[in-house]
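Trainee: This is the structure I want to talk about, given as structure tokens.
The values are calculated or read from the model by the stated rules, or taken from the named source; none is laboratory data. Since the model is a prediction, treat every value here as computed from it, not as a measurement. FYI the Cβ positions are ideal-geometry reconstructions off the backbone, even for glycines, and counts take in every protein chain you see.
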Amino acid sequence: MTPQTQLSFPADPTAWWRRLCPLTPQISLCGDLHENRRRAAAQLDEWVASGVTHILDVRSEFTDGPWVAKRAPQLVYHWVGTDDHGGAQGPEWFDAGVKLALESLQDPAAHLVVHCHMGINRGPSMALALLLAQGRDVIEALDAIRAARPLAAVIYAPDAVAWWHARRGTPGETAADIARVRAWFDRQDISLSTVARLIRAVR
């Protein structure tokens, strides 16, 4: 039986925006690189020092790919952008991101950082899809994401679940797992209003 974990959001969300948060030995979560290039360079150096070898950027609004290629050419940068619109995220987005992530992680020395803008919804939701593809239970994976990154709301978790069961060929299990996710949201007090408050607090 999966434990019914109650987690809490950080008292100071801004302190978590660009903090590198290890999720597994090969996967970390974060917000984006700072818009100030001097500070972004220090942040990127921290990522490299932490062992990061691959970046999966899931923002639609910006890419740091060309700058990272010049500043740290040893890093592999993937860009699979989508909007943080609060609606459904399509399966093609999860397909693209998880495919690149799994290919990257075939190297046992690889370390992938998954990030969006603030590390609240898109990045953690893509990380959830990745953990599902690696065989993790959805609630266990959500608990791991929130424990690693308390700022994460993972609002697109139901879309990740629907994507995974469609790709796995188990659509009959979708409704039950989405119900489990909704109950998890309730326990964590996660809703669109919660997400709006977090975004305002971080900005």
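Conditions (1) within 12 Å of the chain's Cα centre (by Cα); (2) basic (Lys, Arg); (3) over 13 Å from Val76 (Cβ atoms), marked per residue:
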residue	(1), (2), (3)
Gly97	yes, no, yes
Ser104	no, no, no
Asp107	no, no, no
Arg122	yes, yes, yes
Ser125	yes, no, yes
Leu131	yes, no, yes
Gly135	no, no, yes
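Trainee: Among the residues of segment 146-165 satisfying the criterion of being under 19 Å from Leu100 (Cβ atoms) and not aromatic (Phe, Trp, Tyr), which is nearest to the chain's Cα centre (by Cα)?
Mentor: Restricting to residues being under 19 Å from Leu100 (Cβ atoms) and not aromatic (Phe, Trp, Tyr), the top hit is Ala160.
Trainee: Restricting attention to segment 23-42, does a residue exist that is at pLDDT 95 or above, touching a Lys or Arg at 6+ places or on another chain (Cβ under 9 Å), hydrophobic (A, V, I, L, M, F, W, C) and assigned to a helix (DSSP H, G or I)?
Mentor: Checking segment 23-42: at least one residue is at pLDDT 95 or above, touching a Lys or Arg at 6+ places or on another chain (Cβ under 9 Å), hydrophobic (A, V, I, L, M, F, W, C) and assigned to a helix (DSSP H, G or I).
Trainee: Just to be sure, is Asp95 in contact with a Ser or Thr (Cβ under 8 Å, 6 or more places away or on another chain) and either surrounded by 13 or more Cβ atoms within 10 Å (Cβ to Cβ) or not in a helix (DSSP H, G or I) (or both)? Reasoning before the result, please.
Mentor: Values: in contact with a Ser or Thr (Cβ under 8 Å, 6 or more places away or on another chain): no; either surrounded by 13 or more Cβ atoms within 10 Å (Cβ to Cβ) or not in a helix (DSSP H, G or I) (or both): yes.
For Asp95, the condition - in contact with a Ser or Thr (Cβ under 8 Å, 6 or more places away or on another chain) and either surrounded by 13 or more Cβ atoms within 10 Å (Cβ to Cβ) or not in a helix (DSSP H, G or I) (or both) - is not met.
Trainee: May I ask you to list the residues in segment 64-83 that are surrounded by 15 or more Cβ atoms within 10 Å (Cβ to Cβ) and under 20 Å from the mean Cα position of the chain (by Cα)?
Mentor: Taking segment 64-83 as the starting set, the residues that turn out to be surrounded by 15 or more Cβ atoms within 10 Å (Cβ to Cβ) are 64, 67-68, 71-72, 75-82.
Residues satisfying the conditions are Asp64, Val68, Leu75, Val76, Tyr77, His78, Trp79, Val80, Gly81, Thr82.
Trainee: Which one of these is crowded, with 24+ Cβ neighbours inside 10 Å and in contact with an Asp or Glu (Cβ under 8 Å, 6 or more places away or on another chain): Met126, Met118?
Mentor: On the way: Met126 fails: in contact with an Asp or Glu (Cβ under 8 Å, 6 or more places away or on another chain).
So the residue among Met126, Met118 that is crowded, with 24+ Cβ neighbours inside 10 Å and in contact with an Asp or Glu (Cβ under 8 Å, 6 or more places away or on another chain) is Met118.
Trainee: I need every pair where a residue in segment 62-79 that is assigned to a loop (DSSP other than H, G, I, E, B) has its Cβ under 6 Å from the Cβ of a residue that is acidic (Asp, Glu) and surrounded by fewer than 15 Cβ atoms within 10 Å (Cβ to Cβ), sequence separation at least 6 or different chains.
Mentor: Here the result reads none, with nothing in segment 62-79 linked to a residue that is acidic (Asp, Glu) and surrounded by fewer than 15 Cβ atoms within 10 Å (Cβ to Cβ).
Trainee: Only one of Asp177, Asp107 is among the charged types (D, E, K, R) and touching a residue at least 40 places away in the same chain (Cβ under 8 Å); which?
Mentor: Being among the charged types (D, E, K, R) and touching a residue at least 40 places away in the same chain (Cβ under 8 Å) holds for just one of Asp177, Asp107, which is Asp107.
Trainee: Search segment 87-123 for residues being in contact with a helix residue (DSSP H, G or I) (Cβ under 6 Å, 6 or more places away or on another chain) and of a type in the set (Gly, Ala, Ser), and hand back the single one that is modelled with the lowest pLDDT.
Mentor: The qualifying residue modelled with the lowest pLDDT is Ala88.
Trainee: Now for a separate question. Give me a count of the residues in segment 132-171 that are of a type in the set (Gly, Ala, Ser), touching a strand residue (DSSP E or B) at 6+ places or on another chain (Cβ under 8 Å) and part of a loop (DSSP other than H, G, I, E, B). Explain how you work it out, then say what you get.
Mentor: So in segment 132-171, the residues of a type in the set (Gly, Ala, Ser) come out as 133, 135, 141, 144, 147-148, 152-153, 157, 160, 162, 166, 169.
Next, only the ones that are touching a strand residue (DSSP E or B) at 6+ places or on another chain (Cβ under 8 Å) stay: 144, 148, 152.
Still in the list and also part of a loop (DSSP other than H, G, I, E, B): 152.
Selection size over segment 132-171: 1.
Trainee: Just give me the residues in segment 48-61 being over 16 Å from the mean Cα position of the chain (by Cα), outside any loop (DSSP other than H, G, I, E, B) and surrounded by 13 or more Cβ atoms within 10 Å (Cβ to Cβ), in sequence order.
Mentor: Answer for segment 48-61, where residues must be over 16 Å from the mean Cα position of the chain (by Cα), outside any loop (DSSP other than H, G, I, E, B) and surrounded by 13 or more Cβ atoms within 10 Å (Cβ to Cβ): just Val48.
Trainee: Something else: Of all residues being hydrophobic (A, V, I, L, M, F, W, C) and surrounded by 14 or more Cβ atoms within 10 Å (Cβ to Cβ) in segment 3-20, which is modelled with the lowest pLDDT? Just the residue, please.
Mentor: Within segment 3-20, the subset hydrophobic (A, V, I, L, M, F, W, C) is 7, 9, 11, 15-17, 20.
Within this subset, residues satisfying the condition of being surrounded by 14 or more Cβ atoms within 10 Å (Cβ to Cβ) are 7, 9, 16-17, 20.
Values: Leu7: 87, Phe9: 94, Trp16: 97, Trp17: 97, Leu20: 98.
Result: Leu7.
Trainee: Could you grab me the full set of residues in segment 21-43 that are surrounded by fewer than 19 Cβ atoms within 10 Å (Cβ to Cβ) and among the aliphatic types (A, V, I, L, M)?
Mentor: Ala40, Ala41, Ala42, listed by residue number.
Trainee: Out of contact with any helix residue (DSSP H, G or I) (no Cβ under 6 Å at 6 or more places or on another chain), assigned to a helix (DSSP H, G or I), modelled with pLDDT of 95 or more and surrounded by 20 or more Cβ atoms within 10 Å (Cβ to Cβ): does that describe Asp186?
Mentor: no
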